Each structure stands twice: as structure tokens, then as C-alpha cells.
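Data first, discussion second: the structure below is written as C-alpha cells.
The values are calculated or read from the model by the stated rules, or taken from the named source; none is laboratory data. Just so we're clear, the structure is a prediction, and the values are computed from it rather than from any experiment. Every residue, glycine among them, receives a Cβ derived from its backbone with ideal geometry; neighbour counts consider all protein chains shown. All accessible areas refer to the heavy atoms of the entire protein, side chains included, with ligands and DNA or RNA removed. Shrake-Rupley method; radii C 1.70, N 1.55, O 1.52, S 1.80 Å.
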Amino acid sequence: KAGVTQTPRYLIKTRGQQVTLSCSPISGHRSVSWYQQTPGQGLQFLFEYFSETQRNKGNFPGRFSGRQFSNSRSEMNVSTLELGDSALYLCASSVLHQGGTEAFFGQGTRLTVV
Amino acid sequence: SQQGEEDPQALSIQEGENATMNCSYKTSINNLQWYRQNSGRGLVHLILIRSNEREKHSGRLRVTLDTSKKSSSLLITASRAADTASYFCALVGSNNNDMRFGAGTRLTVKP
């Protein structure tokens, strides 16, 4: 079974631009979550989608948005980029089994805003 | 939702020694999970312990959970240089679909 795939792996953008990141979950997984990881703030939860609906949301400004398609693939968008948005963006797809929810992470997209 | 707090923030040991990392939290959980991250890469799931469990083992890993103290510990026995990574605890709340991570413990195992 293929793992979680994130594209692109690396991205350099200029302040003020917008960016779209993509995540393809493991086949059969309907839940996709996004996290931002920075050295200073650690792993911060952005949002979670399930069956094309945003189910949970973290404390990020409205510049951060996402969506999920009928095939469970997800995209996240950041508009009006700021220098502080430079981070590793991780996507995780998860499945609920008897023991609980287990998340599988992609390799991440390293975004650098200059 | 809450995040866990790991301690120590960083840990440096010699190969062959045991490494213990702790995670504390404040509210009730459905389960707690430990993940490992090699530098700048995705997280890898290590072990899941449910709120009604007290201890779980997986190879050289041992996880304990004390819900009365709202804390968990991850023990890596007979550490190896390849265990060098960051380790995160993740809390899953009662809705079972919201996972929040702590800041992690950076483990360095010296050969």
C-alpha cells in the first residue's frame, strides 16, 4: 500500500504570494490532517478533513485554508505569505480501528518564504 | 484541545544505555501515542496506548500511562545510534479524531 504523498517536497515563495500544497492519503483513509512544524513552535495542528468536510480546526489565521476532494486527496492553501510561514508542513492520513486513531505522515513540504 | 508537554526537551546518552522520555497532559484522553521523527522528515508511529491500559511493549520500546497523574513515559532500552531522533507524544481526545502533539524530546545516542 502506498504511503502518504505530499507534493511538492520543497518550495520557495516570496512574501505576499500564495501557495497550495497537496496531500494524497493512504488508500481507504478518509481523514486527513495538516500540521505546521517550526523550530520555535513545534508541531501545530492546522485542520482536519473527513469526507470533504472540515471537522477540526486549529488556531491559525484565515490565510490558512484547506479542502478535501471526493477521493480524499487534500490541499491546503496559504494566502498573502509572511516570512513566519516558513515551515515544514506535514500531512497525515488516519484510520480509526479498534485501538484508536493511528496517523500516518507524509514526508512533508518544506516551505521557505523570502 | 490540549497538547502534551514532553520532558526533557533534549537528552544525550551513550549507546547501550536506556532513554526515558515523559509526557504530561491536563485533560482526559481516549489514547496517547508516541511518534518518532528523523531530522526534517515525516513522523513515524511507534506505539499507541489506550486510556484503560497501563503499559505496552513493542520491541525495545516500553510505554506506560498513568491517567491519575495524567502522564506517560516512553522507555527505549539498549539504545542505538540509529535511535537518534525527536520523539513526540500525541494526545487523542474523546472524539477520537483530534490529535495534538507536544514539543518533543530530542534524543541523541552517541556511538
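Of all lysines in the structure, the ones whose alpha carbon falls short of 22 Å from that of A:Lys57, not counting any fewer than 8 places away in one chain, are B:Lys26. Across the protein chains, with a 1.4 Å probe defining accessible surface, the residues A:Glu102, B:Glu17 rank B:Glu17, A:Glu102 from largest area downward.
The label-point distance for B:Lys56 and A:Asn59, in a model that sets each label 7 Å from Cα toward Cβ, rounds to 2.9 nm. For a straight C-alpha distance cut-off of 12 angstrom, the aspartates and glutamates reachable from A:Lys13 (same-chain residues fewer than eight places away being disregarded) are A:Glu82, A:Asp85. Projected label points at A:Thr112 and A:Asn77, each 7 Å from Cα along the beta carbon direction, are separated by 2.6 nanometres.
Amide H to amide H distances under 5 Å link A:Glu52 with no residue, where only residues 5 or more positions off or on other chains count and H is placed in the peptide plane. Our coupling estimate for segment B:31-40, obtained by passing each phi through the Karplus curve with A = 6.51, B = -1.76, C = 1.60 and θ = phi - 60°, is 7, 10, 10, 10, 10, 10, 9, 7, 2, x Hz, Gly and Pro reported as x. Buried accessible surface for the B/A chain pair comes to about 1800 Å², total over both chains, computed with a 1.4 Å probe. Rounded to the nearest 10 Å², what accessible area does B:Lys70 have for a 1.4 Å probe in the complete protein model? Result for B:Lys70: roughly 70 Å² accessible. For chain A, the alpha carbon convex hull comes to 100 Å³ per residue, rounded to a whole number. Each residue of segment B:84-90 was assigned a 3J(HN,Hα) from its phi angle through the Karplus curve 6.51 cos²θ - 1.76 cosθ + 1.60 (θ = phi - 60°); the sequence is 4, 4, 9, 10, 10, 9, 10 Hz, with glycine and proline shown as x.
Expressed as a whole percent, the accessible area of chain A that falls on carbon and sulfur atoms is 49 (1.4 Å probe).
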